[in-house]
Amino acid sequence: MIKFNSERLARLGYRGLTATQYNQLNRELYQATEEIVGLKLASRLDEAELDEFEGFYRSDDDDGAFDWLRKAVPDYAEVVQGVVAELEALLEQTARETRAPFQRDLHADLAQPSPPAESGD
Amino acid sequence: MHERMGALVRGDPLPSKLEELQKPLFAVIEELADELEAASKCDPAENTLRERLKGDGSQTIAIMGQRGSGKTTLLAAVTAQLLRDERHLVVPIMRPDQFSETDSVITTFLAQLWDLLCIERDESGASLHADAIKLLADVSRGSAMARTTTGALEHGTESPTDYADDFVAVTRSGVRMATQLERLASHLCLPDDEQDRVRLIIVPIDDPDLARHDIISILTDLQVLSSVPGIVPVTCFSPEDLNGTWFDARQRLLPKASEKHLQFLLARQMEKAFPYRFRFEIEPIAPSQRPDFVPISETKPLREKMSVLRREVEAVSNCHWRFDEALAMGKRKFGLHNALPDNARTLVQLWETLDAIDDAQSSVDIELLHLTLRRMLSVLSEGVAARLGQAASGLMRLGSPAQGSDRVRILEIDFSAVNFFPGTTEPEEEISAPSLATFRLRKIHELKAVDRSEESGISGKYKPEDYLSGEETAALLALQDIAFGTGLFEITGTGLYMSNPDWRFLQTVRLANQVTDDTFLLLPDARGLSEVLRVAELWNQLAILAPGLSNEALLATTIDAACLTLDPDGELEACTDYDAAFDRAAALYAVALEGDGSTKRAFVQWFEGDLPLQWHSALLSGDRIQSLAYKHHELRQQEARQEYTHMVDSGHFENRLRLLLDSHASADPSAEEARNSWIAGYFEVASAFGSEQLERLSFLHSRWQRDSAGVRAGAATLGGLHPSEASRVHAAPYPTPEGTELQAAGIDALRRARRAARAEMQIR
């Protein structure tokens with residue numbers, strides 16, 4: 001079961017975001033997953049299948065369309081998992097690259113010798 | 001005019017703006033009389049001292065206001081009231097714009113006073129004011145001397161000694177004249193008998209700013225007169241005009257003086273000539289009061305007159321013409337003000353123009369109706385034409401009767417220098433959620449018009465001064481209301497419209513995650529003021545309802561909004577039944593075909609050309625589209641439609657398809673637009689309409705099928721896995737630079753991945 005939540009993002013390196021920022025990023029991840037999964041599944045259908053799939057929507061039968069799709073693309077769950085894995089890898093790499101300069105600055109600050117304490121005389 | 005004069009003589013009530021100024025004005029006159037009386041009772045020694053210390057204090061009462069605001073009427077009403085009271089000595093109203101070369105305010109005053117004093121005689125025929133007349137003669141002599149030029153002295157004297165004597169006499173004459181005037185005023189104003197009351201000499205002066213004479217001399221004369229205790233000039237003028245005239249005159253005298261210095265001098269002279277205590281300003285008539293304007297001696301307000309005109313126009317032309325309602329607008333709407341003129345004079349003229357229709361005993365003759373409408377066009381265009389630097393006749397030109405019609409005239413309008421558009425304060429919302437169809441609507445905040453100067457027209461950026469005021473914009477639309485809305489004119493030339501580009505600007509539509517041309521939710525075109533206000537109001541109601549509606553309900557509600565353009569009182573409500581909304585529109589289409597006027601024509605055009613743009617396969621199923629298109633085709637075959645052939649752009653849908661496909665074909669192949677396939681969603685309706693673009697659409701159709709199937713498949717597969725709110729992970733209490741950058745980078749990476757996936761899909 002895929003969960004789009006802040007814990008998952010934190011695991012990918014997105015720490016220190018506000019709740020609003022987590023929610024926005026989660027929403028974007030969900031939307032990207034939905035669109036890319038859809039594109040991948042549609043690319044697996046030939047023209048006759050596309051007509052058939054569209055036919056369900058012509059008669060407002062959304063449930064029938066999903067049942068038909070599960071049969072037409074039996075490995076749809078793997079497609080979803082594959083897209084999720086690709087996007088997670090992309091996000092993880094992006095987080096690493098984005099955080100690198102901040103990490104360098106932090107190390108530089110830590111390496112800086114602290115100023116001598118003023119004498120009380 | 002005769003009736004108005006009679007009303008003034010009788011003392012009938014004035015319009016409220018003027019009536020409310022009368023009381024304080026009379027109170028000031030009484031105060032001045034009381035002050036004179038108090039001064040007259042002072043110890044003679046104190047009075048002598050007062051005279052020696054006398055400054056240049058003026059007691060001129062100034063009635064100020066814009067041109068046409070009713071200044072002259074108020075001056076005449078005040079004068080008439082003072083004459084009826086018979087307490088003060090009131091000379092006839094002086095009009096400096098009618099002065100001859102040799103006239104001046106003082107000489108005219110003296111001549112008028114002379115006439116007044118000579119009228120009253122005893123039984124033997126001797127004047128009752130012999131002493132006053134003698135004093136008046138002294139003043140007149142002094143005045144004549146003061147006006148003698150040095151050139152005339154040189155001609156009139158033989159020896160240097162005579163010249164010197166005369167020169168001294170002449171140069172002193174001005175001072176002496178003031179003293180003589182005081183004696184005369186004192187004689188006339190202060191009673192011989194202690195039982196009698198003090199009276200003033202009232203000198204009404206109308207529009208000194210319009211005189212051909214030097215304004216500085218006029219003001220100087222006014223100051224001389226008004227500094228004499230007992231003499232009270234009451235004048236009226238437009239401060240704007242007076243300042244302009246004074247400035248020009250001073251600039252001629254002091255060509256090297258800076259503008260700042262001249263402004264300083266002007267302010268000083270105005271303060272001296274017209275003390276604040278004696279100023280009475282007539283405010284422009286507020287927009288909400290204009291429809292209720294009633295001229296003196298009349299009882300019917302302007303709004304009733306306009307309703308009569310509407311009735312007559314509608315009787316002749318079978319149109320809905322809500323002109324009177326638009327011009328009765330009290331509050332500002334969409335930045336537009338009431339288009340009626342803000343000054344009393346023009347409102348009186350408008351009222352009188354409409355009176356011709358109201359007076360007609362039987363049904364109104366079409367010629368009289370046209371004459372009235374033409375005069376209304378002139379009255380309403382005056383202000384805005386000046387703003388656009390044109391003559392009123394340049395904005396609208398009436399031509400000959402239209403061919404084949406005895407009631408329709410050709411009217412050429414030229415508003416090509418004006419750009420008209422809606423403004424919104426809501427930013428364009430970004431749409432990122434994958435969806436087969438997403439709509440975002442923005443509300444109209446303001447309706448704006450811009451005078452396109454050459455410079456800004458090219459750059460497309462307007463300077464603040466290019467924008468027309470709310471009143472000017474409303475006036476242009478009111479002109480169009482007459483031109484287009486009455487059904488009595490055949491219009492040529494360029495007008496202002498609210499049409500498809502404006503609705504496009506106010507909506508964002510994504511189909512299968514693709515950017516579209518945002519032309520799906522359209523309302524009928526609007527040209528006249530009443531149409532524009534109605535359609536803007538309906539759009540905003542639609543925009544408010546939109547977030548709570550399904551896509552189909554939004555389309556249906558848009559149809560209802562379009563239908564409500566023909567029903568001024570209807571409130572827009574959410575509609576979920578698309579077929580029922582279509583049937584309502586179809587019924588109204590049949591009605592509109594039978595009528596005149598731009599509102600009905602716009603509805604016909606909308607039904608035929610704009611409504612089918614909703615029939616996209618992302619929005620309605622193909623079967624329904626075909627059924628709707630069939631019904632639509634049938635409706636267009638009815639007999640009444642044939643008369644409309646030249647008025648409706650029947651190729652609207654076809655042209656739009658062609659343009660979209662051309663634009664798609666010419667797009668840069670690497671651009672995202674080139675990958676857009678949404679246009680093919682019109683395949684069903686194009687097929688039902690027998691479009692020539694069908695073949696071109698068919699090339700895109702399979703791609704569109706795949707794109708839309710992708711959206712549907714994605715939604716079907718992931719539906720229900722909605723992201724949950726930030727949970728156990730400890731969120732930062734406030735944004736940090738690192739967190740903000742991480743979020744932005746993550747969103748950017750995900751969007752790039754989506755674009756890459758779309759691009760990959762096209763290559764396959």
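Show me the helices (runs of 4 or more DSSP H) found entirely inside the stretch B:215-277 where at least 2 residues are touching a Phe, Trp or Tyr at 6+ places or on another chain (Cβ under 9 Å) and either in contact (Cβ under 8 Å) with a residue 60 or more places away in the chain or basic (K, R) (or both).
Qualifying helices (runs of 4 or more DSSP H): B:215-226.
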Six or more apart or on different chains, Cβ under 9 Å: which pairs go from a residue in the stretch B:424-436 that's within 21 Å of B:W704 (Cβ to Cβ) to one that's small (G, A, S) and in a loop (DSSP other than H, G, I, E, B)? Could you list them? B:P434/B:A512; B:S435/B:A512; B:L436/B:A512; B:L436/B:A618
Residues (among the aromatic types (F, W, Y) and modelled with pLDDT under 90) located in the stretch B:429-487: B:Y462
Please find, among B:D610, B:D649, the residue that is among the charged types (D, E, K, R) and either under 27 Å from A:Y57 (Cβ atoms) or in contact with a Ser or Thr (Cβ under 9 Å, 6 or more places away or on another chain) (or both). B:D610
Return a yes/no flag: does the stretch B:655-678 have any residue that is within 14 Å of chain A (Cβ to nearest Cβ) and of a type in the set (S, T, Y). yes
Looking across the stretch B:278-303 at residues that are assigned to a helix (DSSP H, G or I) and at pLDDT 90 or above, the single one that is surrounded by the most Cβ atoms within 10 Å (Cβ to Cβ) is B:R290
B:E673: passes all of (1) within 19 Å of B:T519 (Cα to Cα); (2) in a helix (DSSP H, G or I); (3) modelled with pLDDT of 90 or more but (3)
Please give the number of the condition B:G493 fails out of (1) assigned to a helix (DSSP H, G or I); (2) surrounded by fewer than 24 Cβ atoms within 10 Å (Cβ to Cβ); (3) touching a residue at least 40 places away in the same chain (Cβ under 8 Å). (1)
Could you please find all residues in the stretch A:1-27 being in contact with an Asp or Glu (Cβ under 7 Å, 6 or more places away or on another chain) and within 7 Å of chain B (Cβ to nearest Cβ)? A:G16, A:N23
Would you call B:F274 within 18 Å of B:V224 (Cα to Cα) and within 32 Å of the chain's Cα centre (by Cα)? yes
If a residue has to be over 22 Å from B:E634 (Cβ atoms), without any contact (Cβ under 8 Å) to a residue 24 or more places away in the chain and of a type in the set (G, A, S) to count, how many in the stretch B:555-596 make the cut? 1
May I ask you to verify whether B:A449 is in a strand (DSSP E or B) and either among the polar types (S, T, N, Q) or crowded, with 23+ Cβ neighbours inside 10 Å (or both)? yes
State whether one or more residues within the stretch B:194-211 are of a type in the set (G, A, S) and either under 30 Å from B:E120 (Cα atoms) or part of a helix (DSSP H, G or I) (or both). no
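The values are calculated or read from the model by the stated rules, or taken from the named source; none is laboratory data. Every value quoted in this text rests on a predicted model; they were computed, and no experiment measured them. Here Cβ is always computed from backbone atoms with ideal geometry, including for glycine, and neighbour counts include all displayed protein chains.
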